[in-house]
Amino acid sequence: MEIIRNPQDMQDQALKWRAAGQRIVLVPTMGFFHQGHLSLMEYGRKVGDCLVVSLFVNPTQFGPQEDLAQYPRDFDRDCELAQQIGVDVLFVPEAESMYPPGYQTYVTVEEVTQGLCGACRPTHFRGVTTVVLKLFNLVQPQIAVFGEKDYQQLITIQRLVVDLNLPLAVVGRPIVREADGLAMSSRNLYLNPTERQTALCLYRAGQAAQKLVAGGEVARERIMAVVQQLLNHSPETIIDYMALVDPSTLAEIDTVRGAARLALAVRIGQTRLIDNFLLEESRS
Ligand code: PAF
């Protein structure tokens, strides 16, 4: 596995691969790999000739009061895990080379970034779409792989690619969960043992909603009453949002017709956790 730090070297390598007719797959990450990241890489390894994983804790997607400085990092372990999967290039740029002095260009996807996490983190998606577009330009992938855990991010990137006619496919891959249902996230590390138990409210709420909809319940009010009760089970949980949305536009819906996404964000102590669930009406 090669480690490339310089953006220009990354683009030169990508253009060489392209000229040789290779299919490039990109898995963008902020490092501190867990099984969720590894599942994206394993998928990428299967569908591409050249697999690039970017590891960049992108400062422009963190708000001024957020955890940029504390964001967990373990470069040696990440290298080992990426190597085991057969990653060809680990692209690890410095913030100064991605945003050199004088940097002033940002890209914004408008509607789908307004609600959910966009409402609580007003500059977050502008940072995500900007860095992802830069990564696409540097790595030149035909396929980019994102986790469904950050569902609004996935929909936003899909919109970016369609709206700007970018020549690549964006693939969303399923959430990987711990044995007890907690969605894997680098931020789970911040939870103390009690908070870790409390965090299961997200999975419980999601499962209850899935069961209700599969059993024929379609009314937002009744589904969300159950979700709210389960999220509020422990007094340490603060709900940032709980929303029932159309899976492709992220617009709030009152009635489930076919399928919906339940999107959840809670704060437990100092940690903000998100999760989401596909709710499907049963066909029978
Ligand atoms: O999902 C992430 O880890 C980040 O938002 C991404 C896509 C790597 C952009 O910095």
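What follows is calculated from the coordinates using simple rules that are stated; it is not laboratory data. In this text, all values refer to a predicted model and were calculated from it rather than measured experimentally. Please note: Cβ atoms are built from the backbone with ideal geometry, for glycine as well, and neighbour counts cover all protein chains shown.
Does ALA179 qualify as being on the phi < 0 side of the Ramachandran plot and in contact (Cβ under 8 Å) with a residue 60 or more places away in the chain? Considered against the rule, which asks whether it is on the phi < 0 side of the Ramachandran plot and in contact (Cβ under 8 Å) with a residue 60 or more places away in the chain, ALA179 comes out as no. For the stretch 61-77, does any single residue satisfy the condition of being near the ligand (Cβ under 10 Å from one of its atoms), surrounded by 14 or more Cβ atoms within 10 Å (Cβ to Cβ) and not aromatic (Phe, Trp, Tyr)? Among the residues of the stretch 61-77, at least one is near the ligand (Cβ under 10 Å from one of its atoms), surrounded by 14 or more Cβ atoms within 10 Å (Cβ to Cβ) and not aromatic (Phe, Trp, Tyr), which makes the answer yes.
For the stretch 7-35, the tally of residues that are touching a residue at least 60 places away in the same chain (Cβ under 8 Å) and outside any loop (DSSP other than H, G, I, E, B) stands at 14. Here ASP88 meets the list (1) surrounded by 14 or more Cβ atoms within 10 Å (Cβ to Cβ); (2) under 20 Å from the mean Cα position of the chain (by Cα) almost entirely, failing just condition (2). VAL53 fulfils the conditions (1) crowded, with 19+ Cβ neighbours inside 10 Å; (2) of a type outside the set (S, T, N, Q); (3) over 30 Å from PRO247 (Cα atoms) except for a single criterion, (3). Within the stretch 42-60, the set of residues being part of a loop (DSSP other than H, G, I, E, B) and more than 16 Å from the ligand (Cβ to nearest atom) comprises GLY48, ASP49. Each residue in the stretch 117-139 was checked for being free of Cβ contacts under 8 Å to residues at least 60 places away in the same chain, farther than 25 Å from LEU15 by Cα and touching a helix residue (DSSP H, G or I) at 6+ places or on another chain (Cβ under 7 Å), and 1 pass.
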